[in-house]
1. With θ set to phi - 60°, apply the Karplus curve 6.51 cos²θ - 1.76 cosθ + 1.60 along the range 206-211 and write out the HN-Hα couplings as whole Hz, x wherever there is a Gly or Pro.
2. If you take the beta carbon distance between ALA75 and MET96 as r and set R0 to 41 Å, what does 1/(1 + (r/R0)^6) give as a FRET efficiency, to the nearest 0.05?
3. Restricting things to alpha carbons, tell me how big the chain is in terms of Rg and Dmax, in Å.
4. Calculate how large, on average over all directions, the projected area of the Cα convex hull of the range 110-230 is; give the answer in nm² to one decimal.
5. Taking the range 86-232, how many lysine pairs are there with alpha carbons less than 19 Å apart, if each pair must be eight or more places apart or span two chains?
6. Suppose R0 equals 25 Å; then what is the FRET efficiency for ASN140 and THR193 from their Cβ-Cβ distance, rounded to the nearest 0.05?
7. Calculate the FRET efficiency for TYR226 and THR121 from the Cβ-Cβ distance with a Förster distance of 25 Å, rounded to the nearest 0.05.
8. Any idea which of PHE182, ALA27, SER109 is furthest toward the positive side of the dipole for the chain, if Lys and Arg beta-carbons carry +1 and Asp and Glu beta-carbons -1?
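Computed from the coordinates by the stated procedures, all read-outs in this text should not be read as laboratory data. Please read these numbers as outputs of a predicted model, since none were measured by experiment. Counting neighbours? That spans all protein chains shown, and the Cβs are built from the backbone with ideal geometry, glycine included.
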Amino acid sequence: MGAKGEMGNAGATGPMGPAGMPGRNGARGARGPNGSPGAAGSPGAAGMPGPGGANGRNGINGAKGADGDPGATGATGPQGSQGEPGYKGERGDPGMPGAPGISIAWRRSAFCVKLGTGSVTSNQPIAFQEILYNEDGDYNIATSTFICRLAGVYAFHAYNEVNTRNAHTAIIVNGRRVYSNFQSYSSYPEMSTLGTIVKLKVGDKVWVQAIDSDTGICRNSYFMGYLIYECK
């Protein structure tokens, strides 16, 4: 036999042969380690409301329990609104006569005079001559002044008819002018009104006088005063 020759070149790959028969299942392998927890899944959609259940049967009435102890008195509530007036009651029987009261003798002072035929001179007491009321004699017709006999608070008024000329008159207390009024004359008689309330002591004097010589005071003029109440 001759010497072994050199290896030839590999031939071309042949076609795949037919599949062999399936092998038998291998033995179960050992359990592997636990895997890491997976990410949380998205919340599921809300389910549909279930149908309402049927009403249960009424239970048996329980026995009445024992009365509890009285509770403590609560705080007083706020006052309610006033109710409607009640019906008028029957008239009662007359009461017993009271004890006799104390008789008080009220002292008074008042006067009212009219000019009439009296004269009007500026800066002098107007001479009211007709006495309409002077029961207590507190108006002195000779001096045309009121002289205080009872100390107290007095009201004085003068109503002077003004005609043909203007009139400026005043109520004077102890020579001090306390109220004055000017009344102009147009074409018909006017009325000048004066009034005041003053506190006087015994002996004080009050009168009415014209302030200037241009005076149109006529006969239908009046001066009056009266005690409101006595005081010390």
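1. These are the phi-based 3J(HN,Hα) values: 9, 8, 10, 9, 7, 7 Hz.
2. On the way: r = 46 Å, r/R0 = 1.11.
With a Förster radius of 41 Å, E is 0.35.
3. Taking only Cα atoms of the chain, I get Rg and Dmax of 64.1, 205 Å.
4. Working: hull surface 25.7 nm².
It is 6.4 nm².
5. Working: LYS114/LYS205; LYS199/LYS232; LYS201/LYS232; LYS205/LYS232.
Taking the Cα cut-off of 19 Å, the pair count is 4.
6. Numbers: r = 24 Å, r/R0 = 0.95.
With a Förster radius of 25 Å, E is 0.55.
7. Numbers: r = 26 Å, r/R0 = 1.06.
For R0 = 25 Å, the calculated efficiency reads 0.40.
8. ALA27
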